[in-house]
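Just so it is clear, none of the values below were taken in a lab; they were calculated from the coordinates. The model shown is predicted, which means the values in this text are computed figures rather than measured ones. As a convention, Cβ positions derive from the backbone with ideal geometry for all residues, glycine included, and neighbour counts pool all protein chains shown.
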Amino acid sequence: MWNMGGRVAIITGAGNGIGRATARLFAAEGAKVVIVDVEEAPASETLRVIREAGGTAEVSLCDVADAAAVQHMVRGTVEHFGRIDVLHANAAVQITRSVLDTPDSEWDRLHSTNLKGTFLCSKAVIPVMCKQHGGAIIITSSGHAFSTYPNCSAYAATKGGQLAFMRGLALDYARFGIRVNCVIPGATETRLVRGYIEAAQDPSEAERRLLDSIPLGRIGAPDEIARAVLFLASDHASYITGTSLAVDGGLLAQA
């Protein structure tokens, strides 16, 4: 149905959450998956789960904020698998602090991983995709690109930047058959969302308020975001580029 057999997908931040769910789903649909993460143990666990299910995957330990490491990861992917069809730029970190309480170093770390990492990974795979005259880049942005919560301004800035970067990238490389889109997860059961809740003065109250704000009344599952990524990477989305797909339980539909 999804025609992923033989395709090669690089998925960053694939050791946990949305990245792991996407890696598992792509592998189950026949893709060869490169599990990219800065943490060895979670990446190895994703690899184990995929291989035990009969999928094909390799691990590349890589800090997406390190240009040399990203180039090495992409070269290794091409040497091993021969091509790159999909990049899911998903790796991210989050901090929950007001601007006055945000050290410069934390601002830099956030932007280096979330925004620069997206730039570096895209920059590295695009020459490969241009030679193939085709490929799909899916960036995990966030509802924070549109509206945010208190003490999330630094994180929201990176997510808004990803959205703008996606639009420009889509225009620049459409003539090479490369499609670029964003998936916009709402509150999803990930370490980032759990970290936001636990950082609140009253975590139980913070979670209640979060659930009350979601029209469908629940936190999303990583698998639900992964299915949207698979759609955007597939031939079913062959005429879709330069846009974003919200998978947020109706959160952004509200005034």
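A simple charge model with +1 on the Cβ of Lys and Arg, -1 on the Cβ of Asp and Glu and nothing else charged puts the dipole of the range 130-247 at about 440 debye relative to its Cα centre.
Amide H contacts of SER244 (H built 1.01 Å from N, in plane; Pro and chain starts excluded): CYS182 sit under 5 Å, all sequence-distant by 5 or more or on other chains.
About the centre of its Cα atoms, the chain shows a dipole size close to 780 debye [charges on the beta carbon of Lys, Arg (+1) and Asp, Glu (-1) only; nearest 20 debye]. Quick one: angle between helix 203-212 and the longest Cα principal axis of the chain, in degrees between 0 and 90, rounded to 10, please. Long axis of 203-212 versus the principal axis of the chain: about 70 degrees. Each part gets one Cα centre, and for the range 150-182 versus the range 73-139 those centres are 11 Å apart. Non-local lysine pairs in the chain, meaning eight or more places apart or on different chains, with alpha-carbon distances under 22 Å, amount to 5.
Rounded to the nearest 20 debye, the dipole magnitude of the range 1-152 is 540 debye, with +1 charges on Lys and Arg beta carbons, -1 on Asp and Glu beta carbons, and the Cα centre as origin.
Around the amide H of LYS32, modelled in the peptide plane, lie the amide H atoms of GLY6, ARG7, VAL8, ALA9, all under 5 Å away and 5 or more residues distant in sequence or on another chain.
Each residue of the range 110-115 is assigned a 3J(HN,Hα), and the resulting list reads 4, 6, 5, 7, 6, 9 Hz, derived from the Karplus form 6.51 cos²θ - 1.76 cosθ + 1.60 (θ = phi - 60°), x at Gly and Pro.
Since only VAL33, ALA43, GLY117 are under comparison, the one whose Cα sits farthest along the positive direction of the charge dipole of the range 21-152, derived from C-beta charges on Lys, Arg, Asp and Glu, is VAL33. Could you give me D for the range 93-203, from Stokes-Einstein at 20 °C and 1.002 mPa s, where the hydrodynamic radius is the Kirkwood radius over C-alpha pairs? Units µm² s⁻¹, please. Approximately 142 µm²/s, per Stokes-Einstein. Peptides 198-211, 78-91, 161-174 ranked from most to least packed by the mean count of surrounding Cβ atoms within 10 Å: 78-91, 161-174, 198-211.
Taking amide H as placed 1.01 Å from N in the peptide plane, the amide H of ILE95 sits under 5 Å from that of TYR155, each at least 5 places away or on another chain.
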